[in-house]
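One structure is given below, encoded as structure tokens.
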Amino acid sequence: MIRFLLKGLLRDRSRSLFPVLIVAAGVMLTVFLFAWMRGVEASLLRSTAHFSVGYVRVTTRAYVAEADQMPNDLALLGVDTLLAGLRRRFPDLRWTPRIGFGGLLDVPDARGETKAQAPVIGLGVDLLAPDSPEREVLRVGPSIVRGRVPARRGEAVISDALADRLGIRPGQTATLIGSTMYGGMALANFTVVGTVRFGVGAMDRGAIIADIHDVQTALDMETGAGEILGFFPDDLYHEARADSVTARFNARHRSGDRFAPVMGTLREASGLSDLLDYITMVLNALIAIFVAAMSIVLWNAGLMGSLRRYGEIGVRLAVGEDHGHIYRAMLAEALAIGLAGSVLGTAVGLAFAYWLQVHGFDMRPFIKDSTMIIDDMMRARVTLGAALIGFLPGLAATLLGTGISGIGIYRRQTSQLFKELEA
Amino acid sequence: MKRLWWMLLAARAGALAAQTPSGDEVLQRVDRNMFAESRIVVSQMIVHGRRETRTIESRSWQRGTADAFTEYLAPARERGTKMLKLGDDLWTYSPSTDRTIMISGSMLRQSVMGSDLSYEDMMEDPRLEHSYSATVSGTEAVDGRSCLVLDLTAKVEGLAYHTRRLWVDGERFVPLREDLYARSGRLLKTIRLNDVRSVEGRWVPMHALYRDVLKDGEGTEFVITSVGFDAAIPDYLFSKAALRR
């Protein structure tokens, strides 16, 4: 029976090729869009974790409310003790302190007078400790454009674009002008040993990265850090685990003191919660729209096929074939078409998505002024979910379309068949 | 009889108006009392931050109203930091970096040593009569002293505070209270001045409390430890070379 149906489908291209192509196109689009959106979401989460809030973040309660302004006067103090506690209680995460700050980078001329000056976003990170995750997390080494990674105190790297703007080369000294933890003016000299390009517009426009101990000294916060970040070893955001760690930590630090530590997850701390919910909603809507649209198209295709096969169905009923049997045969045909279309569409969609995952799409012209922490290269993410997300709706839409259009078979009256055939 | 009563009332009102100086006259007398050819001040700035209180000591040499040289004496981290103001230009020198940095643009809006004062405040022409026109809007008691309430409006462009309200001791011509407003009418800072003492024939408020109302915290106290007027100050102090000495 199956062979009979397949032969019919292969010999009559109008019954197979058009529907298969429609299903394949729809599935391909769904798979590709799903993989692309998952890629954007993953990139957003990873970049935000790496350059901003980690997968979980510990700050003071007071700091959280003004975190966007990097209020170092509200920073954590006694960070070494807090870090030791976190490493002991939550060894599954990699913990590291950070200080974010803003300021100006001033380049002197031969007489020590200001030659060039530009605003910078700064990060004080643990660059020198051998067990620090920062070099890996921030990809400082692979991001070097000129020079090298800081190897000792007093050294820093700056964005390559900033170095060009200031006319500074690796090996030269620049002065950071910022604010101390107590609001006074902070001045500190750094030897710029390298320039970096992270591929994140917000960082590449004007960033300075130095060892956290130098930044602590410069900003008069010897035992302090704005935040302590936690990273999962596989560098993926595990929301349930992050929630669990956060709940356990906060249960133990319930003090009402505004300078007491408090932990937040990436979703809470980054302000991305609404955006992530929106992405999930769009993906669900995408699938629903695909199934509905495909069903309507295939229903229409089924109706046209039924009209074209009006005579064939009439003869089959006239020779005694049961209504239900014909209906089931048409559903089986639809299943075969849906299967073929879904396999083809999934394969092509995954191929496009994989290409975008490997090569990426350069978004720099579109996000050059963006302050969002997101990769310049937009990449898709090929997952098992992306493969299934088009395949199953592809099958469902074909069956639904044929199922609706095939109901017409039951309306054919056997008594009228010969009259219809004669006509 | 009624006519006589009205004449007496009019004569009394005229006498009162003649006694109350105009706003601009009050400003002139305030400036005359407060400013000298030169001034040497040793002071403490007590900054009540959101987290802790810090005391910063400094010595300033001021020449006229345009030039000033300040050396920070304590705490240890700030010791040796110097500031030089020459007219409209301001530089700071930090011994730890051995750099002299010109403070300009948005940096002027930064706080001085974490206090409630900004560098912009330091750059102001201290003679209010140069920058503001004043009207007397009434009288009010401040700390038990009868004060004239002056409403000041900027008469030059580019000032940090477009309007000010000043409570000036009507006898000593020393401001005891000041509210500073933006052009929009928003209150930005308040200043309370007290512990007024006579020094070398001038009335000097030895203690001031500055509050930036847009910031948290208890404000910044400015305490004058010693002050001397019209002393000779060597010219070399008002040069960039002096910053590195």
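The values are calculated or read from the model by the stated rules, or taken from the named source; none is laboratory data. Quantities reported herein were computed from a predicted structural model and do not represent experimental measurements. Cβ: placed from backbone, ideal geometry, glycine included. Neighbour counts: every protein chain shown.
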Notebook entry, point to check: Are any residues in region B:83-120 charged (D, E, K, R) and surrounded by fewer than 20 Cβ atoms within 10 Å (Cβ to Cβ), and if so, which ones?
Noted result: B:ASP88, B:ASP89, B:ASP98, B:ARG109, B:GLU120
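When residues of region B:226-245 are filtered for being touching an Asp or Glu at 6+ places or on another chain (Cβ under 8 Å), under 24 Å from B:ILE101 (Cα atoms) and charged (D, E, K, R), how many remain? Step through it out loud before you land on a result.
Initial filter on region B:226-245 (touching an Asp or Glu at 6+ places or on another chain (Cβ under 8 Å)): B:228-230, B:238, B:244.
Those left that are additionally under 24 Å from B:ILE101 (Cα atoms): B:238, B:244.
Pick out the ones that are also charged (D, E, K, R) and you get B:244.
Counting residues in region B:226-245 that are touching an Asp or Glu at 6+ places or on another chain (Cβ under 8 Å), under 24 Å from B:ILE101 (Cα atoms) and charged (D, E, K, R) gives 1.
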Item checked: Residue list for region A:63-99, restricted to those being within 24 Å of B:ILE101 (Cα to Cα) and in contact with a Ser or Thr (Cβ under 8 Å, 6 or more places away or on another chain) -> A:ASN72
Item checked: Restricting region A:48-71 to residues that are hydrophobic (A, V, I, L, M, F, W, C) and not in a helix (DSSP H, G or I), the residue that is nearest to A:GLY103 (Cα to Cα) -> A:MET70
Check: If you check every pair at least six apart or on different chains, which have Cβ atoms under 9 Å apart with a residue in region A:344-372 that is acidic (Asp, Glu) first and a residue that is modelled with pLDDT under 70 second?
Finding: A:ASP362/A:ASP376
Check: Would you call B:THR70 modelled with pLDDT of 90 or more and within 15 Å of B:ASP235 (Cα to Cα)?
Finding: yes
Next item on the list: Can you work out which of the residues in region A:182-197 that are under 14 Å from A:GLY147 (Cβ atoms) and crowded, with 21+ Cβ neighbours inside 10 Å is nearest to the other protein chains (Cβ to nearest Cβ)?
Entry: A:PHE190
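Residues are listed down the side, and each one gets a yes or a no for (1) part of a strand (DSSP E or B); (2) surrounded by 14 or more Cβ atoms within 10 Å (Cβ to Cβ); (3) under 32 Å from the mean Cα position of the chain (by Cα):
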| position | (1), (2), (3) |
| --- | --- |
| A:THR81 | no, no, no |
| A:PRO91 | no, no, yes |
| A:GLY100 | yes, yes, yes |
| A:ARG111 | no, no, no |
| A:ALA116 | yes, yes, no |
| A:ILE121 | yes, yes, yes |
| A:LEU127 | no, yes, yes |
| A:PRO130 | no, no, yes |
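Let's see how each residue does on (1) crowded, with 18+ Cβ neighbours inside 10 Å; (2) in contact with a Leu (Cβ under 8 Å, 6 or more places away or on another chain); (3) basic (Lys, Arg):
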site: B:LEU166; (1), (2), (3): yes, yes, no
site: B:GLU171; (1), (2), (3): no, no, no
site: B:LEU176; (1), (2), (3): yes, yes, no
site: B:ARG192; (1), (2), (3): yes, yes, yes
site: B:ARG197; (1), (2), (3): no, no, yes
site: B:VAL213; (1), (2), (3): no, yes, no
site: B:GLU218; (1), (2), (3): no, no, no
site: B:GLY228; (1), (2), (3): no, no, no
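Tell me, yes or no, whether region A:171-181 has at least one residue that is away from every other protein chain (no Cβ under 14 Å) and surrounded by fewer than 24 Cβ atoms within 10 Å (Cβ to Cβ). I'd like the intermediate steps shown before the answer.
Initially, region A:171-181 is screened for residues away from every other protein chain (no Cβ under 14 Å), giving A:171.
Imposing the further condition that a residue be surrounded by fewer than 24 Cβ atoms within 10 Å (Cβ to Cβ) reduces the set to A:171.
The answer is yes; a qualifying residue exists.
Looking only at region A:250-270, which residues are touching an Asp or Glu at 6+ places or on another chain (Cβ under 7 Å) and charged (D, E, K, R)? Talk me through it step by step, then tell me what you get.
Here is the first cut: in region A:250-270, the ones touching an Asp or Glu at 6+ places or on another chain (Cβ under 7 Å) are A:265, A:267.
If the condition is that a residue be touching an Asp or Glu at 6+ places or on another chain (Cβ under 7 Å) and charged (D, E, K, R), then A:ARG267 is the only one that fits.
Given the structure, is A:LEU166 among the aliphatic types (A, V, I, L, M), touching a residue at least 60 places away in the same chain (Cβ under 8 Å) and within 14 Å of another protein chain (Cβ to nearest Cβ)? Steps first, please.
On the way: among the aliphatic types (A, V, I, L, M): yes; touching a residue at least 60 places away in the same chain (Cβ under 8 Å): yes; within 14 Å of another protein chain (Cβ to nearest Cβ): no.
Taking the combined requirement at face value, the residue does not satisfy it.
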Margin query: For a quick check of your reading: which strands (runs of 3 or more DSSP E) sit entirely within region B:29-123 and have at least 1 residues that are closer than 17 Å to B:ALA241 by Cα and within 14 Å of chain A (Cβ to nearest Cβ)?
Written below: B:67-74, B:82-86, B:89-94, B:99-102
Notebook entry, point to check: Does A:ALA202 satisfy the condition of being of a type in the set (A, V, I, L, M, F, W, C), within 25 Å of A:ILE144 (Cβ to Cβ) and surrounded by fewer than 21 Cβ atoms within 10 Å (Cβ to Cβ)?
Noted result: yes
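Does any residue of region A:217-225 turn out to be closer than 26 Å to A:TRP95 by Cβ and more than 14 Å from chain B (Cβ to nearest Cβ)? It would help to see each step written out before you state the result.
At the first step, the residues of region A:217-225 found to be closer than 26 Å to A:TRP95 by Cβ are A:217-225.
When the remaining residues are screened for being more than 14 Å from chain B (Cβ to nearest Cβ), the result is A:225.
Yes - at least one qualifying residue is present in region A:217-225.
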Next item on the list: Exactly one condition in (1) outside the structural domain of A:PHE190 (by TED's automatic domain parsing); (2) within 30 Å of B:GLY114 (Cβ to Cβ) is not met by A:ASN300; state its number.
Entry: (2)
Check: Which ones in region B:34-62 are surrounded by 15 or more Cβ atoms within 10 Å (Cβ to Cβ) and charged (D, E, K, R)?
Finding: B:ARG39, B:ARG50, B:ARG51, B:ARG54, B:GLU57, B:ARG59
